[in-house]
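**Student:** Structure in structure tokens, see below.
The values are calculated or read from the model by the stated rules, or taken from the named source; none is laboratory data. All values reported here derive from a predicted model rather than from experimental measurement. Because the Cβ atoms are built from the backbone with ideal geometry, glycine has one as well, and the counts that use them run over all protein chains shown. Accessible surface areas use protein heavy atoms only, side chains included; no ligands, DNA or RNA. Shrake-Rupley method; radii C 1.70, N 1.55, O 1.52, S 1.80 Å.
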Amino acid sequence: MVQLILDNCDKMARAAFFIFLLGLCQAQVNDADEDLAKLLEQIFGKAPTTNVSGLPTNIPAPIPSLKEKDEVPMVESNTQCMTADGREGSCTVPSGCTKILSPLRKSDKGICIGADEICCGFEDISLSGVETVPKSGCGWRNGDNTEILSDNTEFAEFPWIVAVLKVVPANPEKPEGSKLYLYTCGGSVIHPRVVLTTAHNVYEKNLNLRARAGEWNTTSEDEVLPYQDRNVERIIIHELFNTKRTNLFNDVALLVLDKPLDFVSNVNSICLPPAGERAVDGTRCFSAGWGKKKFGKAGAYQTVLKKVQIPVIDRSKCQRELRKTRLGPVFNLHNTFMCAGGEPNKDTCTGDGGSPLMCPINGQVGRYTASGMVAWGLGCGDALPAVYADVGALRPWIDAKMAELGFGQDSYTY
């Protein structure tokens, strides 16, 4: 035993001397980590292959059962953060916060690193209603589904909304030079390579179009995910659409993109209603777009995607209202149209053409169909209903054209 203690003391003294030498010769040792490891091995001997329990250290620990995993206490990381308005908060998912925030907006996300996390002020944190099951398929709206606090949409709230842009030369004398992208109308993603819109906005010949999906604020970069631009390689117009514009019957078109969109949080498809299905009278639906708030020169296009919630109006009631206008007492509403609106200061307007009328799917909170598309109206924001292309009535044509393109219906069927 004495000899063992002496041996250990000798080793400790040698180790102390060695550490002293390291202090004098640090630069040389740092250049030779392998030599240092070998030298330590010479001083202290090889590391033992067993731990105090006698079990080999190279055998992995047994995997705990599900019950044992559940009982292991979680070690929380530092989730404190600072909100955009300078308050102390915690990183949580949006449904765990009473304030409507988006993890796709940089200012709302702050320093939180989780893909679905936002920085919620401590006083705004809610411990109920947190959703953890991801949703898949078409038509799922992002963000809050209960209150309408503003006519501004949240970023990626309706991830299928598309801005259809007309591509024109910046200098008409140099058509191959730089380009301008002029907002033309709205549309909806129904497939990674197909946008649904109204024919009256895109029927012109030799029209060069680009589809922009995932856009929100056209003057800001406060978004975690960028928009996606795709060139339109083909425009398919309903064969019975009247290009002379004496009427707007069968007002539907498909824009075929040159390459697929990437479906991410701010870009996805909307569902379409089954053939012949129309939302019933009084159903409150949304429309969204960058269009004007007023008719004529007094109106201005919006920089942030706007939304409005309006009721569906029964076709017979809508027709009666329209007959009281300059359309006259014998006006008949074509069977490819439906109506919505009729509430003062709540309406779609110039520039919203082609944007979807998004109606809720029964029994699936937060999921929507494009029941209609903004087609035409006799004013903006008054008590007169606006007219929308009836997507349920036009669904057979859409399905037939998708089949001709070799595309399935899964991306827009619920």
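**Student:** Which of the trypsin sites (Lys or Arg not before Pro) found in the stretch 152-228 are in a DSSP loop and have at most 10 neighbouring Cβ atoms, other than their own, within 10 Å?
**Tutor:** Numbers: sites: K166, K179, R193, K205, R210, R212; in loops: R193, K205.
In loop regions of the stretch 152-228 (DSSP not H, G, I, E or B), the sparsely surrounded trypsin sites (Lys or Arg not before Pro) are K205.
**Student:** Roughly speaking, what % of Cα-Cα pairs in the stretch 170-219 are separated by over 12 Å, rounded to a whole number?
**Tutor:** Numbers: 904 of 1225 pairs.
Taking all Cα-Cα pairs of the stretch 170-219, the fraction more than 12 Å apart is 74 percent.
**Student:** Find out how many positive minus negative residues lie around W397, taking Lys and Arg as positive, Asp and Glu as negative, among other residues whose Cβ is under 12 Å from that of W397.
**Tutor:** -3
**Student:** Could you give the radius of gyration (one decimal) and Dmax (whole number) of the Cα atoms in the stretch 221-322, in Å?
**Tutor:** When restricted to Cα atoms, the stretch 221-322 yields Rg and Dmax of 17.6, 47 Å.
**Student:** Pop a pseudo-label 7 angstrom from the Cα along the beta-carbon direction at both D85 and K317 and give the gap in nm to one decimal.
**Tutor:** 3.8
**Student:** How do D229, D314, D352 stack up against each other in accessible area, from largest to smallest, with a 1.4 angstrom probe? Display every interim value, and only then the final one.
**Tutor:** On the way: D229 40, D314 65, D352 15 Å².
I get D314, D229, D352, largest accessible area first.
**Student:** Hey, another quick one. Find out how many positive minus negative residues lie around S316, taking Lys and Arg as positive, Asp and Glu as negative, among other residues whose Cβ is under 12 Å from that of S316. Provide the component values of the computation, followed by the final result.
**Tutor:** Numbers: positive: R315, K317, R320, R323; negative: D281, D314, E321.
So the surrounding residues net to +1.
**Student:** Right, something else. In Å², and per residue, what accessible area does the stretch 320-399 have when probed at 1.4 Å with the other protein chains present? Provide the component values of the computation, followed by the final result.
**Tutor:** On the way: 2960 Å² over 80 residues.
In whole numbers, the stretch 320-399 has 37 Å² accessible per residue.
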